[in-house]
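Report on the following structure.
The values are calculated or read from the model by the stated rules, or taken from the named source; none is laboratory data. Because the structure is a prediction, the values reported are computed rather than measured. Positions of Cβ are backbone-derived with ideal geometry, glycine not excepted, and every protein chain shown enters the neighbour counts. Side chains are part of the model used for accessible areas, which takes the heavy atoms of the whole protein and leaves out ligands, DNA and RNA. Shrake-Rupley method; radii C 1.70, N 1.55, O 1.52, S 1.80 Å.
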Protein chains: 2
Amino acid sequence: MTKKAALLKAAENKVRLGGYSNFSFRELANEIGIKSASVHYHFPTKADLGAELAHQYTDAFIAVLGEPEAHKANGKNPIDIYTQLFTNALVIDKKMCLCGLLGAQSDSLPNKVRDEVKRFFIKNLAWLTQAHKINGELNPERAAIKTVSLLEGAMMISNTLDDISYFEQAIF
Amino acid sequence: MTKKAALLKAAENKVRLGGYSNFSFRELANEIGIKSASVHYHFPTKADLGAELAHQYTDAFIAVLGEPEAHKANGKNPIDIYTQLFTNALVIDKKMCLCGLLGAQSDSLPNKVRDEVKRFFIKNLAWLTQAHKINGELNPERAAIKTVSLLEGAMMISNTLDDISYFEQAIF
DNA sequence: AATAACCTACCTACTGATAGGTAATTTATA
DNA sequence: TATAAATTACCTATCAGTAGGTAGGTTATT
């Protein structure tokens with residue numbers, strides 16, 4: 001793992017616990033064993049790091065999702081696949097969705113970070129709209145918004161109350 | 001309006017835009033025309049301010065909600081009343097739910113602040129469970145979690161994408 | 001030799017917090 | 001009722017710590 005990748009990984013963990021202001025160049029540098037000035041070599045500003053983090057997170061998320069049509073072809077409901085990915089984030093990582101947390105504090109983010117968070121939700125809504133369309137939903141756009149809203153909201157509340165059963169109840 | 005109330009109001013605005021770390025004693029002091037050291041007279045620590053803010057926010061929210069039974073008696077669906085309160089927060093204030101944002105960053109909050117955010121959701125779930133029970137829901141607890149999750153999630157996404165129509169689509 | 005990936009050393013700005021002081025008001029006592 | 005004590009609501013000045021960021025030098029790789 002390169003130092004740059006390690007920096008992004010360390011930042012992701014911190015952001016998913018407390019948001020954009022929950023990491024500093026010094027902390028990241030200490031964690032991976034370099035100096036804070038060296039972090040600026042990989043990321044000129046904190047906003048650059050935040051934007052790249054959200055961009056990679058989005059790409060990885062969408063890549064893992066695969067194509068809704070492929071899931072359908074395998075006899076699986078693509079919405080269940082999507083729900084399972086959210087469940088993993090909460091149950092395995094025991095952390096919030098990176099872009100869920102960043103989205104909540106969207107108004108205070110640097111522009112380039114906010115733009116990447118927007119991209120996450122645009123891509124997610126597009127995927128879910130397609131999935132619901134395949135499922136024969138009458139209003140796939142609306143169904144997509146409802147799906148991601150319910151999951152993000154349930155994730156936040158389960159995280160707050162420190163009890164996964166709230167999330168499980170919300171999605172079943 | 002007392003200075004203390006003005007401090008809480010100023011803090012609320014900032015927290016609802018960017019979370020717990022989005023306000024400082026100096027900023028609040030400047031805004032209401034006192035010195036930052038004087039803020040410590042009203043709130044010994046930042047955590048004390050944050051906790052009192054979340055506590056008051058919760059009390060005010062629950063007070064405005066009234067009793068589910070009273071709404072039902074007036075021929076109104078109490079869930080619609082609840083949904084309308086969330087809509088107002090987003091449309092009128094153009095800001096996130098205070099406890100929604102704090103809940104997302106729950107893991108990085110001081111204990112006494114986190115406890116108050118928990119209290120917000122416990123009280124909301126109790127109100128919604130009672131409302132759904134009155135409505136004859138078979139599983140009022142589950143319906144309550146689904147209601148608040150959908151609203152908090154839709155609020156966050158609409159705020160991120162800076163477009164209220166996402167929220168409107170999610171709740172109708 | 002050139003470039004990548006660090007380093008030391010530093011800066012300015014800001015953070016929450018504390019010490020100690022003051023004027024005005026309120027409460028308790030003689 | 002007059003005086004003393006206490007409280008309220010601020011102030012100035014300062015603290016140690018941390019923030020993101022920069023200039024310029026060093027080391028390692030190709």
For the rotation that brings chain A onto chain B, whose beta-carbon in chain A is nearest the axis, and what is that distance in whole angstrom?
A:Gly153, 2
Post the alpha-carbon centroid distance, segment B:22-86 to segment A:56-108, in whole angstrom.
32 Å
Order A:71-77, A:46-52 from most to least packed using the mean count of other Cβ atoms within 10 Å.
A:46-52, A:71-77
Place +1 on the Cβ of every Lys and Arg and -1 on the Cβ of every Asp and Glu in chain B, take the dipole about the Cα centre, and give the residue among B:Thr58, B:Ser165, B:Leu8 whose Cα lies farthest towards its positive end.
B:Leu8
Measuring from a point 7 Å out along Cα→Cβ, what nm distances, shortest first, does B:Ala37 have to its partners in the other copies?
3.6
Taking chain B as a Gaussian network, where each spring joins two C-alpha atoms under 10 Å apart, which residue of B:Thr87, B:Thr58, B:Thr45 fluctuates the most?
B:Thr45
Using the heavy atoms of the protein chains alone and a 1.4 angstrom probe, what is the accessible area of segment A:46-171 per residue in square angstrom?
40 Å²
Can you give the accessible area buried between chains A and B, summed over both chains, with a 1.4 Å probe, in Å² to the nearest 100?
3400 Å²
Which three lengths, in whole Å and largest first, does segment B:46-171 cover when its Cα atoms are put on their principal axes?
44, 30, 24
3J(HN,Hα) from dihedral phi, segment A:35-42, Karplus parametrisation 6.51/-1.76/1.60, rounded to Hz, x for glycine, proline:
9, 4, 4, 6, 5, 5, 5, 7
Enter the mean number of other protein chain beta carbons within 10 Å of the beta carbon of each residue in A:87-98, as an integer.
1
List, shortest first and in nm to one decimal, how far the label point of B:Asp93 (7 Å from Cα along Cα→Cβ) is from its counterparts in the other copies.
2.7
Can you list the HN-Hα couplings for segment B:18-34, worked out from phi with the Karplus curve (6.51, -1.76, 1.60; θ = phi - 60°), rounded to whole Hz and with x for Gly and Pro?
x, x, 4, 8, 8, 9, 10, 4, 5, 4, 4, 4, 4, 5, 9, x, 10
What are the distances, in nm and sorted shortest first, from the label point of B:Gln56 to the label points of the same position in each other copy, with each label point placed 7 Å from Cα along the Cα-to-Cβ direction?
4.2
How large is log10 of I(q)/I(0) for the protein assembly as shown at q = 0.13, 0.14 Å⁻¹ when the intensity is taken from the Debye formula with one equal scatterer per alpha-carbon?
-1.03, -1.17
Quick one: pull the percent of accessible area on segment B:67-172 belonging to carbon and sulfur, 1.4 Å probe, ligands and nucleic acids left out.
49 percent
If you line up the long axis of helix B:46-65 against the longest principal axis of chain B, both from Cα atoms, how many degrees apart are they, to the nearest 10?
30 degrees
